[in-house]
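*Asks:* My questions all concern the structure below.
The values are calculated or read from the model by the stated rules, or taken from the named source; none is laboratory data. Predicted, not measured: the structure shown is a model, and the values here were computed from it. The area values use the complete protein model at the heavy-atom level, side chains included, leaving out ligands, DNA and RNA. Shrake-Rupley method; radii C 1.70, N 1.55, O 1.52, S 1.80 Å.
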Amino acid sequence: HPERGPISPAVFVRLAEEKNLIGQLTEFVLEEAIRESASWLQAGLCHEVAVNLSAQMLADLDLPDRITALLAQVHVDVSQLVVEITETALMREVVKSLEILTRLRMKGIRLAIDDFGTGYSTMQQLQRYPFTEIKIDRSFVQNLGEESESTAIVDAGKGVLN
């Protein structure tokens, strides 16, 4: 912001959700991230890019085709993109989100569950989803090695995706 400086995503994402603009914001960020990834590749850098999807995007059955079309258009391999979904977003429309996530995985796009442990899903529920990564919420790992409960949670997550 020209007067206030950087604005935290905690502020503008909430505002975008309240004003029903989160889908447009997510689509914009996704497109920009993929295009930036293409420019990195042209510069000789090979880095993956991760983009958080809003829960609203998990209701869009055309999303997997749009993403792969954009990746192909800018010559970025599908393996360079990681799509992150929060645990709470998954629980909104389970059947539709599972279908969209499965389509994304079938196209070779990697999937990460973000902030795991902040919602209500269980390890058994997560096994139904085609995730390639679990990003455990910071509250569980900040005391890793100091609290046996934190270590147990991290250990429980090992092997779920394998």
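*Asks:* Keeping all protein chains in place and using 1.4 angstrom, which order do R4, R35, R14 fall into by accessible surface area, from largest down? Walk me through the numbers on the way to the answer.
*Replies:* On the way: R4 185, R35 100, R14 125 Å².
The ordering from most to least exposed comes out as R4, R14, R35.
*Asks:* What aspartates and glutamates sit close enough to K107 to cross-link, taking a C-alpha to C-alpha distance under 18 Å and skipping anything fewer than 8 places away on the same chain?
*Replies:* Those aspartates and glutamates meeting the cut-off are E31, E48, D60, D62, D65, D77, E84, E99, E133.
*Asks:* Provide the per-residue ³J(HN,Hα) series for the stretch 19-32, in order, calculated from phi with Karplus coefficients 6.51, -1.76, 1.60 and θ = phi - 60°, each as a whole number of Hz, with x at glycine and proline positions.
*Replies:* 8, 6, 10, 5, x, 5, 5, 4, 4, 4, 4, 4, 5, 5
*Asks:* Moving on. On full extension of the chain, what length is gained from D62 through V74, given 0.36 nm per residue of separation minus the C-alpha to C-alpha distance?
*Replies:* 2.4 nm
*Asks:* Sequence-distant or interchain residues sharing an amide H contact under 5 Å with R110, placed H: which?
*Replies:* L81, V83
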